[in-house]
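Trainee: Submitted below is the structure of interest, expressed as C-alpha cells.
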Amino acid sequence: MSNPFSLPFELNNKSISAWLSQLKSSDILLTSNQIYSVLSVLQKEQGNIDTVSFSIVVMRLTPVVIYLSGFLEQAIIKTPEQRKISKVSVRILRHLAFLHLCLAKRLSQQEQRVLHLNYALQIIGLVFKQYALSYERPSATLWEFMGECYVLALSDRILDIPVEEPLAEFRALSTIALALKRVLLFWLAKPHALSQQDINTLFEFCTLNSRLVNFAQSNVRVEPEFCWDYGDVEGFQPLFFRPKTLPEKYLLFHVADLLSSVQAKKLSIQGADDLFEYLSHYQELIESTKFSLPRPFVAVSGFVQGVEFLAKHVRHGEISMLNSPSPKNLNFASLDLVKEKVKKKKGMERTNSTDIWGGDEEKKAVRIDVLFGALKLVKTTHEHFFATEAMQVNLLESDVFIAYGADLKIFLGVCRLVAREQRGKIQRSMVQVFEGRVSLLTQVHSVTKRAAFLLQNEAGCELFLSSGKNTVGSVVKFDQAEVTLDRLVELTPSYMRYAVSVSES
C-alpha cells in the first residue's frame with residue numbers, strides 16, 4: 001500500500017526496512033522520537049489503513065521498539081533526572097500496545113488474536129515497569145487498555161491458548177493469561193517503594209513466576225484472595241484484597257501456589273520481603289505478637305481526617321489539649337472520646353451577599369468534624385509493623401491514620417490489612433508506622449488543598465497529597481515551603497505518597 005499519510009515510508013516491507021536502516025542507533029533519544037512520531041501517526045490513522053498493511057508495519061516495528069526500550073531503560077537508570085527519556089519510553093511502548101490491541105479487534109483468526117493480545121499485555125507489563133523505574137504514576141489509559149485486552153480474551157475464551165512462534169522477546173510468557181498475571185503480581189508488590197535495581201529484580205521474578213498466580217471463582221474462597229476492578233476508570237489503585245462487596249467488573253485471583261513455593265524456600269527475591277508478608281496476610285507478624293503488651297493511643301483515620309486533625313488540633317508541632325481527647329487512663333472499657341464540641345451562637349445569624357449570590361468555593365468549604373477513636377498497638381518482629389485493635393474508629397486498608405499516646409507525640413501510619421472477621425466493636429488490623437515529625441502544609445492561596453508532611457531523621461522527607469494528577473519533578477508551593485516531588489513511593493485512591501526535597505518559600 002502507498003503512503004497517503006505523513007509516514008516516512010511506504011506501507012510495505014522493503015520501504016519499512018530502508019527507513020529502519022537509516023535510524024541512528026548512536027543517538028537513542030533522536031531515534032526514539034522518530035519511532036514515536038511514526039507510532040503517533042499510526043495510532044491516529046489506524047482506522048484508515050487496511051488490515052494487511054497495518055499488520056505488516058506493526059509487526060516490523062515491534063522488535064525494534066522492544067530493543068530500543070531496553071536502551072531507554074538503562075538511560076532512565078543512569079540519568080533519572082532526564083525525565084524526557086522516561087516519558088518518550090513510556091509513550092512509544094503504550095502506543096505499540098494500543099496498536100496490537102487494535103489488530104486483535106480487527107483480525108478474525110484465533111491464532112492472530114491470541115498473538116496480538118499477548119503482545120499487547122506483555123508490552124503493557126513493560127510500560128508498568130518503566131513507570132516504576134521512573135517513580136511515576138501509571139496512566140489510567142494503561143489500566144483501560146489492560147481491561148480491554150482481558151475482556152476480549154475472556155469473551156473469545158483464548159486466555160490459556162499459547163502463541164504460535166512468538167518473538168524471542170516474548171517467549172517467556174506464552175499465553176495471554178500469563179502476561180496478565182505478571183502485571184497483576186508486579187503491581188501487587190508496590191514496586192515504587194523499591195530501588196531501581198530491586199524493581200528490575202522484581203519484574204524478572206514476576207515474569208518467571210506468573211504461572212504461580214491463579215484466577216479464582218467468586219464462589220470459592222482461597223485466602224488470601226485479591227481483586228482487580230477493571231472498571232476503575234481513574235486507575236489509582238484497582239488491585240486490592242477481595243472486598244465484601246465485589247465491584248461491577250472484577251477478576252479474582254490468588255497466590256497460594258506462590259506462597260507455598262516461598263515457604264518451601266524454593267523462591268526468594270531481593271528487596272521484597274514486605275511483599276511476601278503482604279501476600280500471606282502478615283501471618284508470621286501476627287503470630288509474633290503473642291507475648292507483647294499493647295500500648296493505647298488516641299487516633300483519627302483516613303487522609304481527610306488526618307489533615308483536619310493536624311489543622312485543628314496541632315499548634316507549633318504540639319497537640320492542643322484544649323480541644324483534643326486526653327490519652328490519660330485510656331482504655332477500651334471507658335473511652336472518653338467524643339465529637340468536637342461546637343459553640344452555637346445565640347441570636348439571628350447575619351446573611352451576607354455570598355450566601356445569596358454564591359462566591360468563592362474556598363470560603364464555603366464544608367465543615368469536617370474530627371472523629372476520634374482508640375488504638376492498641378502491639379509490637380511485631382518487624383520494627384515498623386504493629387498488630388492493632390481499634391475502637392470507635394475504622395481503619396481502612398491502604399489509608400493513613402494519625403495517633404498520639406500519653407507522651408503526646410504525634411505519629412503517622414498506614415493500615416496494611418484489616419482482619420476479615422470482626423468481633424463485637426473491636427476492629428483488628430495490621431499497620432505500618434513511620435518514624436519522623438508530622439506537620440501540616442497548606443498550598444498557597446488555597447486553604448482546602450493541604451498535605452501531611454513527614455520529616456524523617458535519615459530517610460529524608462515525604463509528602464502525603466490527596467490523589468490527583470501530580471507528576472514527578474513538579475514543584476508544589478505551600479505557605480510554609482516549596483516542595484519538589486522527587487519520586488512516587490505509594491499510590492492509593494485517597495492519597496499519593498512522595499519522597500520530596502524542600503526549599504523555604
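Trainee: Check ILE269 against each of (1) over 24 Å from PHE386 (Cβ atoms); (2) open to solvent by 20 Å² or more (accessible area, probe 1.4 Å) and name the one condition it does not meet.
Mentor: So the condition that ILE269 fails would be (2).
Trainee: Residues of segment 240-266 being buried (at least 16 other Cβ atoms within 10 Å of the Cβ), in contact (Cβ under 8 Å) with a residue 40 or more places away in the chain and farther than 21 Å from GLN432 by Cβ, which ones?
Mentor: LEU251, PHE253, HIS254, ALA256, LEU258
Trainee: Another question, then. Do any helices (runs of 4 or more DSSP H) lying entirely in segment 86-200 carry at least 3 residues that are at pLDDT 95 or above, under 22 Å from LEU42 (Cα atoms) and of a type in the set (A, V, I, L, M, F, W, C), and which ones are they?
Mentor: Those helices (runs of 4 or more DSSP H) span 110-134, 140-156.
Trainee: Given the criterion of a type in the set (A, V, I, L, M) and open to solvent by 20 Å² or more (accessible area, probe 1.4 Å), identify the matching residue among LEU29, LEU42, LEU61.
Mentor: Numbers: LEU42 fails: open to solvent by 20 Å² or more (accessible area, probe 1.4 Å); LEU61 fails: open to solvent by 20 Å² or more (accessible area, probe 1.4 Å).
None of the other options fit; the residue is LEU29.
Trainee: Could you name every one of the strands (runs of 3 or more DSSP E) located completely within segment 405-505 that has at least 2 residues being under 22 Å from GLN196 (Cα atoms) and in contact (Cβ under 8 Å) with a residue 12 or more places away in the chain?
Mentor: 461-466, 481-491, 495-504
Trainee: Kindly evaluate THR289 against the criterion of being open to solvent by less than 30 Å² (accessible area, probe 1.4 Å), β-branched (Val, Ile, Thr) and part of a loop (DSSP other than H, G, I, E, B).
Mentor: The answer is yes for THR289.
Trainee: Here's something else I'd like to know. Is it true that some residue in segment 458-479 is closer than 26 Å to LYS312 by Cα and touching a Lys or Arg at 6+ places or on another chain (Cβ under 7 Å)?
Mentor: Checking segment 458-479: at least one residue is closer than 26 Å to LYS312 by Cα and touching a Lys or Arg at 6+ places or on another chain (Cβ under 7 Å).
Trainee: Here is a further query. SER218 - would you say it is open to solvent by 50 Å² or more (accessible area, probe 1.4 Å), of a type in the set (Ser, Thr, Tyr) and under 19 Å from the mean Cα position of the chain (by Cα)?
Mentor: no
Trainee: For residues in segment 388-421 being open to solvent by less than 20 Å² (accessible area, probe 1.4 Å) and over 21 Å from the mean Cα position of the chain (by Cα), which is nearest to SER466 (Cα to Cα)?
Mentor: ILE402
The values are calculated or read from the model by the stated rules, or taken from the named source; none is laboratory data. Computed from a predicted structure; not experimentally measured. Don't worry about glycine lacking a Cβ; one is built from the backbone with ideal geometry, like all the others, and counts go over all protein chains shown. SASA here: full protein model, heavy atoms, side chains in, ligands and nucleic acids out. Shrake-Rupley method; radii C 1.70, N 1.55, O 1.52, S 1.80 Å.
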